[in-house]
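What follows is a single structure, written as structure tokens, with notes after it.
The values are calculated or read from the model by the stated rules, or taken from the named source; none is laboratory data. These numbers were taken from a predicted model, which means no experiment stands behind them. Note that we place each Cβ from the backbone using ideal geometry, even for glycine, and neighbour counts take in every protein chain shown.
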Amino acid sequence: MDTVNSYGFSSEELARYSRHLIIPEFNIAGQQKLKEASVLVIGAGGLGSPLLLYLAAAGVGTIGILDFDRVDRSNLQRQVIYDEGVVGVDKVSAARERILALNPHINIHTHDVHLTSENALDIIRAYDVIADGTDNFPTRYLVNDACQILGKPLVYGSIFQFEGQVSVFNAPGEDGQRGPTYRDLFPTPPPPGMVPSCAEGGVLGVLPGIIGSLQANEVIKLIAGIGESLSGRLFIFDALTFTSVTLNIQKNASLEPVTELIDYEAFCGVTPDTEEDTIPSISVRQLSQMIRENADFQLIDVRLPYEYDIVNLGGLLIPQDELEEQLEKIATDRRVVVHCRTGKRSADVVETLRSKHNYKQVFNLEGGILQYAREIDPEMPTY
């Protein structure tokens, strides 16, 4: 029978964590802090994969996993916590099984939900440290504000193509004051569409592993009370040139304290303020019906040629950056439906066609080809 020592560790755990225990600055006291701590990882994707794996391996006693997505084959290029065997499985369940297989001595709580202003405080309140692995601005501001209201330290990471960023927000200082927050760094979100997501702009597969591991390092340091955290600093890494820079972040005295959660999609301009601002669009079910009924319309695909080769709906391929050169191919005498992978690029094209070229019957396909695969043809390959 495996005995438990006075610190609460079994002999099997002591063997598992032995490389931590022999570090003089860490030792069994640091390991005990990890065992007693709870960490919520928001987003079980590219950044969440190394975060979850290394926090579990390190022995963080309670780990929360929050994500509402399912594993897609296109995730496997960077989300190394998953494999082919769990494609189609909800991410929180697949991630839970993987990290429990890595370390059965920890507790896992799963939150298969979309984080909102209505549930964020209740979920985040239960954890000591929050790690943000999300990829959109509304959720980043929501997580930041919830952590500020609840007094929780937030370990931030972001990635795009070849660049990654890491920082620690709202961390307690030696003077008892909290460090800078995400709003001190970015008081207002960028204009909608200025910064594309990884789904639209891409990301080098190894980059989330690098940045997520750095986030895990900051989480462990915060819990164990060792070293110097990135509170008040933003670390920026360029994988293409293998260069980095660290910028100082100052608290913005002009910012009002956050006291309540708001509508973050409206704050970030994701939802239109008026009906007139809405890009004319159709749903994938409407498109499917138009195809079945052989309706008189033109389907335009504005993705890149290699994307078209992976999967397509039979539309005319006009890549977004070739729109002006191929404008004459777009019909003016009938309905035109424009689509891309997620609906973002096609929405920009529809806006250009309507505002600049005076097209009247052009519509965006909501959710793009990914939504078509979800609702209409689940067997369709995605990427």
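List of remarks:
- Enumeration of residues in segment 186-222 that are of a type in the set (V, I, T), touching a Gly at 6+ places or on another chain (Cβ under 8 Å) and at pLDDT 95 or above: I210, I211
- Comparison of Q298, Q289, Q371, Q361 shows that the only residue that is of a type in the set (S, T, N, Q), surrounded by fewer than 16 Cβ atoms within 10 Å (Cβ to Cβ) and at negative phi is Q289.
- Of everything listed in (1) part of a helix (DSSP H, G or I); (2) over 15 Å from P280 (Cβ atoms), the single unmet condition for L353 is (2).
- The strands (runs of 3 or more DSSP E) found wholly in segment 11-124 and carrying at least 3 residues that are crowded, with 20+ Cβ neighbours inside 10 Å occupy 38-42, 62-66.
- In segment 327-343, residue nearest to A295 (Cα to Cα) [restricted to those that are part of a loop (DSSP other than H, G, I, E, B) and not polar (S, T, N, Q)]: R334
- Segment 353-371: number of residues that are at pLDDT below 95 and over 21 Å from the mean Cα position of the chain (by Cα): 8
- Search result, residues across segment 288-317 that are among the hydrophobic types (A, V, I, L, M, F, W, C) and either in a loop (DSSP other than H, G, I, E, B) or modelled with pLDDT under 95 (or both): M290, I291, A295, V302, L304, I310, V311, L313
- Members of segment 125-136 found to be out of contact with any Ser or Thr (no Cβ under 9 Å at 6 or more places or on another chain) and surrounded by 22 or more Cβ atoms within 10 Å (Cβ to Cβ), listed by number: I130, A131
- Among the numbered conditions (1) part of a strand (DSSP E or B); (2) of a type outside the set (V, I, T); (3) within 13 Å of the chain's Cα centre (by Cα); (4) closer than 20 Å to N252 by Cα, the only one that G164 does not meet is (4).
- In summary, T259 fulfils each of the numbered conditions (1) modelled with pLDDT under 95; (2) of a type in the set (S, T, Y); (3) over 20 Å from F137 (Cα atoms) with the single exception of condition (3).
- Scanning segment 130-158 for residues that are closer than 16 Å to D67 by Cβ and touching a residue at least 60 places away in the same chain (Cβ under 8 Å) yields I130, A131, D132, G133, T134, D135, N136, P138, T139, L142, V143, G157.
- Pairs are defined by a Cβ separation below 7 Å, a sequence spacing of at least 6 or placement on different chains, a first member in segment 40-61 that is touching a residue at least 60 places away in the same chain (Cβ under 8 Å), and a second member that is outside any loop (DSSP other than H, G, I, E, B) and of a type in the set (S, T, N, Q); the pairs so defined are G45/N75; L47/Q215; P50/S213; L51/Q215; Y54/S213.
- Test: residue in segment 142-153 that is over 19 Å from the mean Cα position of the chain (by Cα) and among the small types (G, A, S): yes
- Filtering D90, D128, D145, D135 for residues that are assigned by TED's automatic domain parsing to the domain that holds L52, among the charged types (D, E, K, R) and within 19 Å of V258 (Cβ to Cβ) leaves a single hit, D145.
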